[in-house]
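Asks: To start, I am sharing the structure in question, which I have written as structure tokens.
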């Protein structure tokens, strides 16, 4: 016999206790430490920092541990934490031209000032499982070292810009909007779009970028340059009257060079797609720059072909995985009331429909 | 997590001020969707973050909070949200509709009539009543601006042409003070008449969609219909099997695998109150006293 469901509180407490136990796993296996995650699962940490929009490797590693490795859940933990933090200032724009690069490649020039630096990349590894890694504690062979090249590493697009071969992007001086402090209003300007893309779900942006390569909003992109490295974060201190470096962060920047036929007012010129992501997030930054370029069709006088990647409202409304996962999973919540309303409607409509037609044996049985 | 690290009712005062401004604007333009800078909350989008932000902005230390989901105080998400405010605001909570000053709800309006001074906060998944007719926000905002609601009437008409009646059972669209068409959140249409002329303040929060809208007390709210197909609030054609109420909204509970079912009030406070007052339904445990 049913007598009103009680015990929601106890069920929740017990579920949380079970979750904590499962998170720990087999206690005969050593517990994973936050520094281990930070150091050895660094790319997961980077992704959580990028999509969580908070540059803090220790907190990201903690979130990954707490989320049992579910990265979207970890991103959510970081977002919910970040939104409570006070803001005490805005840094001056980071200068990626002065980045201390770990990796810097260009697909458009064989060699260029600053050189091609592969850095720590999976690119030319053979994807064969390395069973040596399964055996713990094997000492690492020393990596060859070289003295750092202190020569400047100019942007490839800056080199093209000197000859006016690529569109100019003058600083309009307009303050960028802040997606985390103002509701998204459409149409969005490019700064706002880039902000949304930088924290967007990597998988979603990857698929959209891939779709442009397959013809849904084609933009003919070359990777003009991809660079990963540390930049200084500088803050203007009013009492001092100048900027001081308050820290350093790793960024991944991708600039694509895209074809542009020219228009009635503009001679033929290359155009730009831009991707900038917190941490080492190479795939994301390349995808971001392709999607950025696809979204610029209107400003560049191109046709809207109906491709999803060109559709600003579609892309920006669905790119955030914390929003998406929350709304998707909310259908797990009880919907008895709505379902009851539908049930009653369907029963009534069926009864009316059956009354109008000849009674079938099944209807008679009912 | 140290609870001291957070402000009263979790949100910082600047954020509350931003939300309160949006609420005031919403109250000034009943039924109009006001964009607000929705924050990430420590519960998922789609799980009541809009309602939680509105509640957080309304709560004062003297408030008495009630949280319901599907009409019930003890559904898991209602428990979770109530606990959140117990923890972050330390306010008194209640299951009694009459005792509460702020009620956060998902999918129901309490059966017990609300009174002046009470605030009813709705959790809203999709604030835009035209969304399933026109997916673009840029378009639907224009439609509201121009009061261009033809598309909605065509949809309702097509329902009648196809099914003989308007086939919307919940989130049934309403018109507010003859101006804005509004989504009342996914309440069953049974609850729609309670929206109108209600003495309480009704606030609607959609967190993921960053929208707030409101109905000030005694606002006129009309469910959309046609003269020859008037709106009809409907419910399961039964009385509550526990308290015998004939006029409350009912949940259907399947009691075995042979098709047996019973109907019970979805509003648990209403149902237990009636049982305590001696009302009995078809399947009431007559021998047992209900505390």
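The values are calculated or read from the model by the stated rules, or taken from the named source; none is laboratory data. None of these values were measured; they are calculated from a predicted model. Heads up, the Cβs are rebuilt from the backbone with ideal geometry, glycines too, and the neighbour counts pull from every protein chain shown.
Asks: Restricted to the stretch B:22-40, and to residues that are part of a loop (DSSP other than H, G, I, E, B) and surrounded by fewer than 23 Cβ atoms within 10 Å (Cβ to Cβ), which residue is nearest to the other protein chains (Cβ to nearest Cβ)?
Replies: If we take residues in the stretch B:22-40 being part of a loop (DSSP other than H, G, I, E, B) and surrounded by fewer than 23 Cβ atoms within 10 Å (Cβ to Cβ), then B:37 is nearest to the other protein chains (Cβ to nearest Cβ).
Asks: Right, residue A:97: assigned to a helix (DSSP H, G or I) and surrounded by 10 or more Cβ atoms within 10 Å (Cβ to Cβ) or not?
Replies: It is true that residue A:97 is assigned to a helix (DSSP H, G or I) and surrounded by 10 or more Cβ atoms within 10 Å (Cβ to Cβ).
Asks: With respect to residue A:276, determine if the residue is modelled with pLDDT of 90 or more and farther than 16 Å from residue A:201 by Cα.
Replies: no
Asks: While we're here: Any idea which of B:45, B:6, B:32 is over 21 Å from residue A:320 (Cβ atoms), at pLDDT below 95 and in contact with a helix residue (DSSP H, G or I) (Cβ under 7 Å, 6 or more places away or on another chain)?
Replies: Of the residues listed, the single one that is over 21 Å from residue A:320 (Cβ atoms), at pLDDT below 95 and in contact with a helix residue (DSSP H, G or I) (Cβ under 7 Å, 6 or more places away or on another chain) is B:6.
Results for (1) within 30 Å of the chain's Cα centre (by Cα); (2) within 20 Å of residue A:41 (Cβ to Cβ); (3) part of a loop (DSSP other than H, G, I, E, B), shown as yes or no for each residue.
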| position | (1), (2), (3) |
| --- | --- |
| A:104 | yes, no, no |
| A:107 | yes, no, yes |
| A:112 | yes, no, yes |
| A:125 | yes, yes, yes |
| A:133 | yes, yes, no |
| A:146 | no, no, yes |
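Yes or no, residue by residue, for (1) more than 30 Å from residue A:79 (Cα to Cα); (2) out of contact with any strand residue (DSSP E or B) (no Cβ under 8 Å at 6 or more places or on another chain):
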| residue | (1), (2) |
| --- | --- |
| A:182 | no, yes |
| A:192 | no, yes |
| A:204 | no, yes |
| A:222 | yes, no |
| A:236 | no, no |
| A:243 | no, no |
| A:254 | no, no |
| A:258 | yes, no |
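Asks: For the condition at the interface with chain B (Cβ under 8 Å from one of its Cβ atoms), part of a helix (DSSP H, G or I), within 18 Å of residue B:164 (Cα to Cα) and free of Cβ contacts under 8 Å to residues at least 24 places away in the same chain, what is the one hit in A:329, A:352?
Replies: It is A:352.
Asks: Now for a separate question. Of these, A:68, A:87, which one is touching a helix residue (DSSP H, G or I) at 6+ places or on another chain (Cβ under 6 Å), within 30 Å of residue B:49 (Cβ to Cβ) and loosely packed, with under 15 Cβ neighbours inside 10 Å?
Replies: Selected residue: A:68, the only one of A:68, A:87 that is touching a helix residue (DSSP H, G or I) at 6+ places or on another chain (Cβ under 6 Å), within 30 Å of residue B:49 (Cβ to Cβ) and loosely packed, with under 15 Cβ neighbours inside 10 Å.
Asks: Considering only the stretch A:149-161, state which residues are in contact (Cβ under 8 Å) with a residue 24 or more places away in the chain, assigned to a loop (DSSP other than H, G, I, E, B) and either surrounded by fewer than 10 Cβ atoms within 10 Å (Cβ to Cβ) or in contact with a helix residue (DSSP H, G or I) (Cβ under 8 Å, 6 or more places away or on another chain) (or both).
Replies: Across the stretch A:149-161, the qualifying residues are A:151, A:152, A:153, A:154, A:155.
Asks: Okay, moving on. Please identify the pairs in which a residue from the stretch A:309-324 that is within 11 Å of chain B (Cβ to nearest Cβ) and at positive phi has its Cβ atom under 7 Å from the Cβ atom of a residue that is modelled with pLDDT of 95 or more and assigned to a helix (DSSP H, G or I), counting only partners at least 6 apart or on another chain.
Replies: Correct list of pairs: empty, since none qualify.
Asks: Taking the options B:92, B:100, name whichever one is at pLDDT 95 or above, closer than 26 Å to residue B:41 by Cα and over 16 Å from the mean Cα position of the chain (by Cα).
Replies: B:92
Asks: If you go through the stretch A:37-44 one residue at a time, do you hit one that is at negative phi, modelled with pLDDT of 95 or more, out of contact with any strand residue (DSSP E or B) (no Cβ under 8 Å at 6 or more places or on another chain) and surrounded by fewer than 11 Cβ atoms within 10 Å (Cβ to Cβ)?
Replies: no
Asks: For the stretch A:166-193, enumerate the residues that are within 20 Å of residue B:138 (Cα to Cα), free of Cβ contacts under 8 Å to residues at least 40 places away in the same chain and away from chain B (no Cβ under 14 Å).
Replies: A:189, A:191
Asks: Ok, one more. Give just the number: which of (1) farther than 24 Å from residue B:59 by Cβ; (2) within 13 Å of chain A (Cβ to nearest Cβ); (3) in contact with a strand residue (DSSP E or B) (Cβ under 8 Å, 6 or more places away or on another chain) does residue B:185 not satisfy?
Replies: Single failed check for residue B:185: (1).
Asks: Is one or more of the residues making up the stretch A:205-224 farther than 25 Å from residue A:302 by Cβ and within 18 Å of the chain's Cα centre (by Cα)?
Replies: no
Asks: Oh, and also: Assuming residue B:11 fulfils every condition listed in (1) over 21 Å from the mean Cα position of the chain (by Cα); (2) surrounded by fewer than 23 Cβ atoms within 10 Å (Cβ to Cβ) apart from one, which condition is it?
Replies: (2)
Asks: Considering only the stretch A:162-195, state which residues are assigned to a helix (DSSP H, G or I) and either at positive phi or at pLDDT 90 or above (or both).
Replies: A:190, A:191, A:192, A:193, A:194, A:195, listed by residue number.
Asks: Considering only residues that are buried (at least 22 other Cβ atoms within 10 Å of the Cβ) and within 14 Å of chain A (Cβ to nearest Cβ), look in the stretch B:78-103 and name the one that is nearest to residue B:172 (Cα to Cα).
Replies: Applying the filter and picking the extreme gives B:78.
Asks: Please go through the stretch B:170-182 and pick out each residue that is within 13 Å of chain A (Cβ to nearest Cβ) and without any contact (Cβ under 8 Å) to a residue 60 or more places away in the chain.
Replies: B:171, B:172
Asks: Right, here's the next one. Pairs please, first residue from the stretch B:262-277 and assigned by TED's automatic domain parsing to the domain that holds residue B:107, second anywhere and in a helix (DSSP H, G or I), Cβ atoms under 8 Å, 6+ apart in sequence or on different chains.
Replies: Taking only residues 6 or more apart or on different chains, not a single pair turns up.
Asks: Can you go through A:252, A:245 and tell me which one is at pLDDT 90 or above, surrounded by fewer than 18 Cβ atoms within 10 Å (Cβ to Cβ) and in a strand (DSSP E or B)?
Replies: None of the other options fit; the residue is A:245.
Asks: Going residue by residue through the stretch B:95-109, is there one that turns out to be within 22 Å of residue B:248 (Cβ to Cβ), touching a helix residue (DSSP H, G or I) at 6+ places or on another chain (Cβ under 6 Å) and not in a loop (DSSP other than H, G, I, E, B)?
Replies: yes
Asks: Additional query: Determine if the stretch B:48-70 includes at least one residue that is assigned to a loop (DSSP other than H, G, I, E, B), closer than 20 Å to residue B:189 by Cβ, out of contact with any helix residue (DSSP H, G or I) (no Cβ under 6 Å at 6 or more places or on another chain) and within 11 Å of chain A (Cβ to nearest Cβ).
Replies: Within the stretch B:48-70 (the criterion being assigned to a loop (DSSP other than H, G, I, E, B), closer than 20 Å to residue B:189 by Cβ, out of contact with any helix residue (DSSP H, G or I) (no Cβ under 6 Å at 6 or more places or on another chain) and within 11 Å of chain A (Cβ to nearest Cβ)), the answer is no, since none of the residues qualifies.
Asks: If you don't mind, another one. Only one residue in B:129, B:193 is assigned by TED's automatic domain parsing to the domain that holds residue B:56 and not in a helix (DSSP H, G or I), so which one is that?
Replies: Of B:129, B:193, the one residue that is assigned by TED's automatic domain parsing to the domain that holds residue B:56 and not in a helix (DSSP H, G or I) is B:129.
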